[in-house]
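Shown below is the structure under consideration.
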Amino acid sequence: MSDTAKIVIGGAAHDLPIVVGTEGDRAVDITKLRVTTGHVTLDEGYANTGSCRSAITFVDGEKGILRYRGIPIEQLAMNSTFVETCWLLIYGRLPTQEQLKTWSGLFTRYEMIHEGLYKHFDGFPPTGHPMAILSAMINAGSCYEPDMMEMESDTTFQVAAARLISKIRTIAAASYKASIGQPIVYPKPHLDYCSNFLHMMFSLPYRDYEPDPDSVAALQMILILHADHEQNCSSSTVRMVASSGANMFASCAAGVCALWGRLHGGANAAVVEMLQQLHDQRVDLKEYVTLVKGKESPVRLMGFGHRVYKQYDPRATILKEVADRLLGRLKRPDPLLEIAKRLEDVALNDPYFIERRLYPNVDFYSGVILRAMGIPVNMFTVMFAMGRMPGWIANWKEVHNGAIALYRPRQVYVGEPERRYVPIHERSAAGESGRESGR
Ligand code: SDX
């Protein structure tokens, strides 16, 4: 296949280089397009646009492949821990025992948040959305760690990364405790990442919550599966903010905001709300799918479809098994899981979904698992953010350490042609008239 693409504009032909990735993914390099042709490209939603070269995660949406630094997600889910996966994503290889011990020790050392930060929770109303609080508290946390802002040294970067991944857990749990009027529970140094989070979420001053191993294992799996996913909306946001030279905390706080949207990370909560409504109102699933397919229908089958996966999301396959296993072990059957399975079956046998290659994505089953652990629905996307933090940090690092310039896309202007300023006494109630235009 040729290593250049030819574009003909106004009779003039221009050769554009083809960039080929590790797995044979191909891109037309348009870096010189505007300066040679006076044209930019237009790709609303960026479905056809590569924003960067990245070595962190590989996704093949046609084949349902996901690899972190070359390692298949199935193998990581089976063998790794979230703390180890964080190191892999950020540093590009699996840690040695010594590296993992040091890295894990940093998580323990920095699991507390500054006492001054705890006071912020008194200012949030109990109804404050956990994602708003999380984003605010990440930036607030950086105010207590000014030395973490200028990460010139690898050591400073490593400490900052460990601090952020460790503390997001403490902030999330404290936010939950404050919202339900319970005293905040401090982390315990002898607990691992996931057990410590569940301890901070569910322990009480007079009774420690003993995290059951099945919930800890399920949480570990959820965090590993959510840890990165190439240039998704929130990771691209982190890169965009990082490209201005913004520090890691500010960039990741922006990632939290992008993840919040219901088309992205907010979908896991939307799925459970959809399943709950189907359950409570005893909705016929075939009728619901018919509603979803309606041309003018604003209703989407949440947790289904994906910009990249035109195959079953490999993460959904694993999460479906985790949901079955956890609910079985906890002896906590959930009618929502049964509804989800039946809904999947109806959709995957429906031509609308088959033709559009719409399959369950990572959000379709994750909520049922979080629900079984007792995590409130409005915290589901916070759990997604906790998992995605290492991926955001790895992307921040790739931009910060690379020679990548400021991200500043161009546009096609479709607004008003030039016109003059109209003094207010000349403006009519019906708006501006032709005579006011500059034409
Ligand atoms: C995540 O990018 C990532 O990697 C994200 C993520 C990650 O790990 O970071 O994987 C996490 O965000 C997963 C996605 C979670 N969102 C949802 O589950 C929300 C429901 N899904 C859809 O809104 C949708 O599928 C998107 C937003 C995820 C993707 O949409 P696209 O790629 O823009 O596709 P589209 O909207 O152009 O849809 C193509 C067609 C349309 O129908 P037609 O106009 O061709 O008739 O498919 C239809 C859509 O109406 N369609 C759906 C549908 N998703 C797409 N119809 C019903 N239900 C759906 N869920």
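The values are calculated or read from the model by the stated rules, or taken from the named source; none is laboratory data. Predicted model, so just to flag it, every value in this text is computed and none were measured. Please note: Cβ atoms are built from the backbone with ideal geometry, for glycine as well, and neighbour counts cover all protein chains shown. These accessible areas exclude ligands, DNA and RNA; they are computed on the full protein's heavy atoms, side chains included. Shrake-Rupley method; radii C 1.70, N 1.55, O 1.52, S 1.80 Å.
Condition (residue is surrounded by 16 or more Cβ atoms within 10 Å (Cβ to Cβ), out of contact with any helix residue (DSSP H, G or I) (no Cβ under 6 Å at 6 or more places or on another chain) and part of a helix (DSSP H, G or I)) applied to segment 143-155: is it met by at least one residue?
no
Moving on. Name the residues in segment 17-33 that are closer than 30 Å to Y68 by Cα and open to solvent by less than 60 Å² (accessible area, probe 1.4 Å), would you?
Hits for segment 17-33 are I18, V19, G21, G24, A27, D29.
Quick one: which residue in V59, V83, V159 is closer than 17 Å to A227 by Cα, surrounded by 15 or more Cβ atoms within 10 Å (Cβ to Cβ), more than 16 Å from the ligand (Cβ to nearest atom) and hydrophobic (A, V, I, L, M, F, W, C)?
Numbers: V59 fails: more than 16 Å from the ligand (Cβ to nearest atom); V159 fails: closer than 17 Å to A227 by Cα.
Exactly one residue qualifies, and that residue is V83.
Another one. Could you check, for segment 284-292, whether at least one of its residues is farther than 18 Å from A227 by Cα, touching a Pro at 6+ places or on another chain (Cβ under 7 Å) and more than 8 Å from the ligand (Cβ to nearest atom)?
no
All but one of (1) basic (K, R); (2) assigned to a helix (DSSP H, G or I); (3) near the ligand (Cβ under 8 Å from one of its atoms) hold for R325; which doesn't?
Every condition holds for R325 apart from (3).
From the list A12, A55, A5, A27, which one is without any contact (Cβ under 8 Å) to a residue 40 or more places away in the chain, in contact with a Gly (Cβ under 9 Å, 6 or more places away or on another chain) and of a type outside the set (S, T, Y)?
Details: A12 fails: in contact with a Gly (Cβ under 9 Å, 6 or more places away or on another chain); A55 fails: without any contact (Cβ under 8 Å) to a residue 40 or more places away in the chain; A5 fails: in contact with a Gly (Cβ under 9 Å, 6 or more places away or on another chain).
It is A27.
Let me ask you something else. For R388, work out the one condition from (1) over 27 Å from S166 (Cα atoms); (2) basic (K, R); (3) in contact with a helix residue (DSSP H, G or I) (Cβ under 9 Å, 6 or more places away or on another chain) it doesn't fulfil.
R388 satisfies all of (1) over 27 Å from S166 (Cα atoms); (2) basic (K, R); (3) in contact with a helix residue (DSSP H, G or I) (Cβ under 9 Å, 6 or more places away or on another chain) except (1).
Could you check segment 241-317 for helices (runs of 4 or more DSSP H) lying wholly inside it with 2 or more residues that are open to solvent by 60 Å² or more (accessible area, probe 1.4 Å)?
Details: elements: 248-259, 267-280, 285-293.
Filter on segment 241-317 gives 267-280, 285-293.
Would you confirm whether or not segment 371-392 contains a residue that is assigned to a helix (DSSP H, G or I), surrounded by fewer than 19 Cβ atoms within 10 Å (Cβ to Cβ) and out of contact with any Phe, Trp or Tyr (no Cβ under 7 Å at 6 or more places or on another chain)? Full working, then the answer.
Let us first name the residues in segment 371-392 that are assigned to a helix (DSSP H, G or I), namely 371-373, 377-392.
Now drop any that are not surrounded by fewer than 19 Cβ atoms within 10 Å (Cβ to Cβ), which leaves 377-378.
If we keep only those that are out of contact with any Phe, Trp or Tyr (no Cβ under 7 Å at 6 or more places or on another chain) as well, we get 377-378.
Among the residues of segment 371-392, at least one is assigned to a helix (DSSP H, G or I), surrounded by fewer than 19 Cβ atoms within 10 Å (Cβ to Cβ) and out of contact with any Phe, Trp or Tyr (no Cβ under 7 Å at 6 or more places or on another chain), which makes the answer yes.
Same structure again: Just for segment 293-311: of the residues that are within 6 Å of the ligand (Cβ to nearest atom) and free of Cβ contacts under 8 Å to residues at least 60 places away in the same chain, which one is farthest from M274 (Cα to Cα)?
Among those that are within 6 Å of the ligand (Cβ to nearest atom) and free of Cβ contacts under 8 Å to residues at least 60 places away in the same chain, it is G305.
Cβ-Cβ below 7 Å, separation at least six or inter-chain, first residue in segment 170-196 and outside any helix (DSSP H, G or I), second open to solvent by 40 Å² or more (accessible area, probe 1.4 Å) and hydroxyl-bearing (S, T, Y): which pairs?
Qualifying pairs under 7 Å: P189/T108.
Okay, residues lined up against (1) touching a strand residue (DSSP E or B) at 6+ places or on another chain (Cβ under 6 Å); (2) modelled with pLDDT under 95; (3) hydrophobic (A, V, I, L, M, F, W, C); (4) closer than 30 Å to D147 by Cα:
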{"site": "Y206", "(1), (2), (3), (4)": "no, yes, no, no"}
{"site": "E210", "(1), (2), (3), (4)": "no, yes, no, no"}
{"site": "M221", "(1), (2), (3), (4)": "no, no, yes, no"}
{"site": "I224", "(1), (2), (3), (4)": "no, no, yes, yes"}
{"site": "G245", "(1), (2), (3), (4)": "no, yes, no, yes"}
{"site": "G255", "(1), (2), (3), (4)": "no, no, no, yes"}
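Give segment 193-241 a look and list any residue that's small (G, A, S) and within 16 Å of the ligand (Cβ to nearest atom), or say none. Talk me through it step by step, then tell me what you get.
First, pick out the residues of segment 193-241 that are small (G, A, S): 195, 203, 215, 217-218, 227, 234-236.
A227, S234, S235, S236, listed by residue number.
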